[in-house]
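The values are calculated or read from the model by the stated rules, or taken from the named source; none is laboratory data. All values reported here derive from a predicted model rather than from experimental measurement. Every residue, glycine as well, gets a Cβ built from its backbone with ideal geometry; the counts of neighbours run over all protein chains shown. We work out accessible area using only protein heavy atoms, side chains counted, and drop any ligands, DNA or RNA first. Shrake-Rupley method; radii C 1.70, N 1.55, O 1.52, S 1.80 Å.
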Amino acid sequence: MNRFTLSSVVLALLLPFLGKSETRTTLPSTVVDFLDINCYECHNNTDKKGSLDLESLEFHPDDSQSMVIWSMVHDRVSNREMPPKEEYWPEEEERGDFLNLFENTIHEESSKLQSSLGRVRSRRLNRIEYENTLHDLLGVDIPIKDFLPDDPSQDGFSNIAVSQQISHHLLQKYLEAIDISLDEAFSRAENQSKPYARAFSGEEVSWNPQTRDNGRGPHLYEGHAISFLTSGNYQGRMPPTEVDESGWYRITVRAKAHNPPPGRGVWTQIRSGVAAASAPSLFWVGSFEAREKTQDFILEAWIQAGHKLEMRPGDHTLGTISVKLLDDRSVFEKDVPGVAMESIKMERIYKGMSQNELKRRLYSDVPIKDGVLKSNNPKQDLEKLMTRFAIFAFRRSVSKTEMSPYMEFAHSRLDAGNSLKDALRSGYRALLSSPRFLYFTENTGKLDNFSIASRLSYFLWNTMPDEKLLTLAKKGNLSKPSILKKQVERMLNHPKAESFAVNFSNNWLNLKDIDFTTPDTKLYPEFDDILKHSMLGETFTFMQELIDNDMSVSNFIDSDFAMLNERLAEHYGIEGFSGTGYQKTALNANDHRGGVITHGSVLKVSANGTTTSPVIRGVWLLERILGEHISPPPDNAGSVEPDIRGAISIRDQLDKHRSTKSCMVCHKKIDPPGFALESFDVTGGWRQHYRALPKKGKWKDGPAVDPSYDLPNGKSFSDVEGFKAMVLEHPDKIAKNVVEKVLTYATGASIEFADRREIKQIVKDLEDHEYGFRSLIHACVQSDIFLSK
Amino acid sequence: MALPWLEAMTPAFAKSSAYLPPKRFVSVSLALGLHSPNLDPIDFGFGYTPSLYLSKIQDILGDMTIVTGSSHPDVSGGHKASGSILTGAPYSRSAVFKNTISIDQHMAKHLGHHTRFPSLVLNLSSSNSPSYTETGSMIPAESSPSKLFDKLFVADTKEEQAQQVERLKEGRSIMDVVAGDAKTLQKSLGAGDRDKMDQYFESVRAFEKRLGASEDWVQMPKPSVAMKPPRDIPDNNEIMKRKKLMLDIMLLALKTDSTRFITLHIDGNGESVPIPGINEGYHSLSHHGLDEDKIDQLTLLESVLLETWGGFVRDLKQNKESSGTLLDQTNVLLTSNLGNASSHDNKNMPVLFAGGGFRHGQHIAFNKEDNYPLPNLFVSALQRQGLETDRFATSTGTMTGLEMI
């Protein structure tokens, strides 16, 4: 019974895509027979159990949706989830034969498609990549991504080619970004930027009792400007620090703690803004820990024109004081912690190229004087400079033919009577508007050296290849495994590699949505921005630590250390922390930490601001950390209305899963990690009771948390440590997921069926390196998946 | 290029009876829904008893219809489904999502060429919007009222105009070069990139056309309005003030026929709106978890949202145009992808629909357990615009019970 007829229409449609090999649109008859005997009884076109009609499902290798379903069918049988045990269970041999042939068929078809069309089709620069590229290309430091809309997300990643769309609206935005960047670059190349450096004493920035100016400013006391943590807006603002021009500034604060709590410093935050009643919104600049000894603290931030700085303690565990205490200055008689500033200095800095570097980038060795390019042969210089710039802009060598339309355009500007400088600027504008700038121009099959250079630099640095990579590519050496290995090492050791730890974490663990919700201030009064930033820092430094020391990816599940700063140690209740900044801290069993799954950042983004949901967290963990795909709930599942009045616990509400067979299919996977993580609240704090809000007053302990779970297979755990131990029994599974995520991120395309065999081999080989993260990155770069379109 | 339709804005232009007043469409969308116990009337049909929220805009109930028990078929995913608000494209968290054209862009595509701006896509604080092109590309929203006002009404100096024309002309030449190169590139890249490069090529051509149209419009005088150029409201918490300001500019944009299709999206983040009685962030309140205090605060907040929207409808009603009012020529929608933000349910979306062409004053109540397809309302709205459509996304026809007059 052959259900899959080879439609001539389908074949005709496929013909343009066919290289030398034909893509089949039928499954082998033995495969179909197996499906008929074992699957059609439920998954036919009438019953459609589980919304799956296998009988009518056609096999279209070129349709990704179709392939997702067929892959799922394969996996269900392979994992012994289907057919359900109660029904007829095929003989092992029969099952084995089926799986072999089925896997082979899907793999073959998937591979053919990859060879002819590529896994990654027309990937373009995303927001961050676009900004970084313009920064490195034109030496500017302005926040360009503010001009561009957010990237669409797929599988958690914001650089996936198939999800990227284009429209004339977006082209308009790009042109705006290009024009702003060119304006800035050309301006800085010829004008000397006036150095800006201002320094203020504590007295100069404080509230002035004589004139009563700056009522919200710090208070002068014993020669220091002291600010406290109050509920008032922009308390601790310093009007003299207002800047006239938007730009990057280096801020040096000389300060110490005032009445620090025993054994701790005073965590202080700096923000910028208009800081007035009409505009109390403030932008984060940074934080530091003021100690008993006076020290210099240095921060760098982009500050907008017309904004001033506000500085005050930001650690909400210290408690806020009433504004009244400040008004009548009685605060100084109390033992209230504050930050005491001796002086503050602000200097304008430029993070991009120096003026000379910029001139070189724009004009090479053609001298410029008083804004005019001194050229003996403008036409020739125009050609030379355009070609040179195009190599950087297009990230590869360019032929005369490829350059000709752009060259013709630039020449036309010169012929119209414009100066060489203006013609050049127009020419650069055209080059930056080109699809060769915006898109990764990747050839089908094995990537050429330049394509490898781009993929590599956007993978590890999120920016365009540097001169070293471009030179190696030009020589054709980058595809050599030993050279590739050396380059990866060079790049991982370079400061730009920080960008990998940050952006990979932001994507993989969805930390880019850290601000999507804010913890309820009544339920979690201890939550503050310093904690939030510390949480992010924890994950980024943890990631970096694993890379630097090639530590096993099992550490993502559990580790005997954490990268903490004092604020985090306080929040997590970890004793004995000392030192400044992030320290590698050894963990004890009763610290309840270890791994990335107990990071505050992760626990926050997998919850909302008020409640946690074992289902949300369970799905989050399964998909992101264990690499399991979970189907969405059926339409009639009904949503759980969270109830924070404390009457009913979430476990009671979700109990329905255990009693309904069709729910258990997915929920036996989702609920265990979800419940294990119930021991952590929305701020990542450890809890043994849920917090509840009474009608008035502070939060109080609600029902007890029960993080235990009995799995249908007989296994069970009583807490998150037990859950982790279960997961750690399969380090290869953990590694497989990381490989998949890294390859997805590195290439800009999700994992397809044809990728599975190589990934399996990579994971097998990594066992010899104890699944070290650095080794994993190397293995990914050396893979066919990475080195092919 | 068609002349814009001009009503008597300044005495220099007489009312032109040769032109029929154009039809407009405005959508206001909320990211966080509306609390349905406060919004949904208990009874249905004409002359229903207004609910708490609707009683705040009593005077315009006769000009609008409230629809309950409807949503977009096959859309789930809570917040993430906001892309489907105006497109009705089926969405689920796990599938590869390709959005389709939104209703306002569909209108702009066919009818937008008459005005300086085929459409306006706005937001109070970010660039998120529910407006999508036919290739499923989200149109970034404008969130600065001062920039918007500038674009619409502030005359540029002769030098600025000359500069703009220069840049636009050069932009067009560049796009011409780029379009040609895109075709060359497409040949060298291979079959896998064909579709995307086609889309890119189409976008470049469309951009070229837009630059050309903008060039034509540069020299046309912008309409003069009584309102002074506004300053942006820097405080993120002032959602209500920002909404009012944006709606005021939108009203002028419609009156002056600067555009006929506008969408305004209101995100919901941590803003603590400075209304007495509210001390929590908007997002936190919408996820009330059945907490009574939060619901009380949410009620205060949403009441003002409703009142402001109602105020906009009222302003349209009070503006005379031709033989009727501006409201007679404008349809205004208020909706959200979330029927219940606290449980992230995309069913039972809040839907208020006002303006000319329909018999209003009704509560059309569909089945809350088995929702009616909301795209049907979009078909009705498209037909009102004079477009011969009987399908939009997953629609099954025009909306039952909503009579076109």
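Just round it to a whole percent: the fraction of Cα-Cα distances in the range B:317-374 exceeding 14 Å. Here the tail beyond 14 Å accounts for 64 percent of pairs. Rounded to the nearest 20, the size of the Cβ-charge dipole of the protein assembly as shown about its Cα centre is 3140 debye, with Lys and Arg at +1 and Asp and Glu at -1. Think of the protein assembly as shown as having a plus end and a minus end, set by charges on the Cβ of Lys, Arg, Asp and Glu; of B:62, A:424, A:160, A:424 sits farthest toward the positive end of this dipole.
The peptide list A:140-147, A:590-597, B:275-282, A:476-483, put in order of mean Cβ contacts within 10 Å with the highest first, becomes A:590-597, A:140-147, B:275-282, A:476-483. Packing, taken as the mean count of other beta carbons within 10 Å per residue, orders the peptides B:225-234, B:342-351, A:244-253 from highest to lowest as B:342-351, A:244-253, B:225-234.
For peptide B:139-146, what's the mean number of Cβ atoms from other chains within 10 Å of each residue's Cβ?
That average works out to 2.
The alpha-carbon positions of the range A:440-597 define a convex hull whose volume is 146 Å³ per residue. Listed by chain and number, the aspartates and glutamates whose alpha-carbon sits under 13 Å from that of residue A:764, ignoring those within fewer than 8 places in the same chain, are A:732. Accessible surface calculations at 1.4 Å, restricted to protein heavy atoms, place the protein assembly as shown at 41 Å² per residue.
Beta-bridge orientation, the protein assembly as shown: approximately 75 percent antiparallel, per DSSP, counting only bridges with both partners inside. For the range B:256-284, a reduction of at least 50 Å² in accessible area between the chain on its own and the assembled protein chains (probe 1.4 Å) is found at B:280, B:283.
The mean number of partner chain beta-carbon atoms within 10 angstrom of a residue's beta-carbon across peptide A:601-608 is 1.
Among A:112/B:183; A:334/B:241; A:384/B:183; B:98/B:183; A:145/B:158; A:736/B:98, which pairs are too far apart, with a Cα-Cα distance over 30 Å? Going by Cα-Cα distance, A:334/B:241; A:145/B:158 fall outside the 30 Å limit. What fraction of the Cα pairs in the range B:51-108, stated in percent, has a spacing above 18 angstrom? In whole percent, the share of Cα-Cα pairs in the range B:51-108 beyond 18 Å is 52.
The ellipsoid equivalent to the alpha-carbon distribution of the range B:223-343 has semi-axes of 31, 16, 12 angstrom, derived from the gyration tensor eigenvalues as √(5λ) and listed largest first. Answer rounded, prolate or oblate for the range A:351-398, using the Cα gyration tensor with square roots of eigenvalues a ≥ b ≥ c: rounded when a/c is under 1.5, else prolate when a/b is larger than b/c, else oblate. In terms of gyration-tensor shape, oblate. Taking the protein heavy atoms of the protein assembly as shown in the context of the full set of protein chains, the accessible area attributed to carbon and sulfur is 51 percent at 1.4 Å. For residue A:230, the amide hydrogen comes within under 5 Å of the amide hydrogens of A:321, counting only partners 5 or more places away or on other chains and with H modelled in the peptide plane.
Can you figure out the FRET efficiency of residue B:228 with residue B:160, using R₀ = 22 Å and their beta-carbon distance, to the nearest 0.05? Efficiency for this residue pair is about 0.65. The accessible-area loss of the range A:430-457 on complex formation, taken against its chain alone with a 1.4 Å probe, reaches 30 Å² or more at A:433, A:435, A:436, A:439, A:441.
Ordering A:39, A:663 by accessible surface, largest first, gives A:663, A:39; the 1.4 Å probe counts only protein heavy atoms, with every chain in place. Rounded to the nearest whole angstrom, the semi-axes of the ellipsoid equivalent to chain B, taken from the Cα gyration tensor as √(5λ), stand at 34, 26, 22, largest first.
Leaving ligands and nucleic acids aside, the A/B contact buries around 5800 square angstrom of accessible area in total at a 1.4 Å probe radius. Ranked by the mean number of other Cβ atoms within 10 Å per residue, highest first, peptides B:151-158, B:123-130 order as B:123-130, B:151-158. Entry note, the range A:575-635: relative contact order of 14 percent, from Cα contacts under 8 Å with a spacing of 6+ residues.
Note that the range A:673-687 has calculated 3J(HN,Hα) couplings of x, x, 6, 4, 7, 5, 6, 10, 7, 5, 9, x, x, 6, 9 Hz, one per residue in order, obtained from phi through the Karplus relation 6.51 cos²θ - 1.76 cosθ + 1.60 (θ = phi - 60°); glycine and proline are x. Sparsely packed loop sites in the range A:306-359 (the trypsin sites (Lys or Arg not before Pro) outside DSSP H, G, I, E and B with at most 16 other Cβ atoms within 10 Å) comprise A:329, A:334, A:351. The mean number of partner chain beta-carbon atoms within 10 angstrom of a residue's beta-carbon across peptide B:198-205 is 4. Could you point to the residue in B:274, B:325, B:290 farthest towards the positive end of the range B:209-351's charge dipole, with +1 and -1 charges on the Cβ of Lys/Arg and Asp/Glu respectively? Ranked along the dipole, the leading option is B:325. The overall shape of the range A:47-202 is prolate: from the C-alpha gyration tensor, with semi-axes ordered a ≥ b ≥ c, the ratio a/c is 1.5 or greater and a/b exceeds b/c. Please state the relative contact order of the range B:64-142 as a whole percent: Cα pairs under 8 Å, 6+ residues apart? Dividing the mean separation by the residue count of the range B:64-142 yields 26 percent. Comparing the range A:368-490 with the 2.2 N^0.38 Å rule of thumb, its C-alpha radius of gyration ratio is 1.22 (two decimals).
Residues in the range A:118-124 carry Karplus couplings, in order, of x, 6, 10, 10, 6, 6, 10 Hz; the curve used is 6.51 cos²θ - 1.76 cosθ + 1.60 with θ = phi - 60°, and Gly or Pro positions show x. With only Cα atoms counted, chain A has Rg and Dmax values of 30.0, 97 Å.
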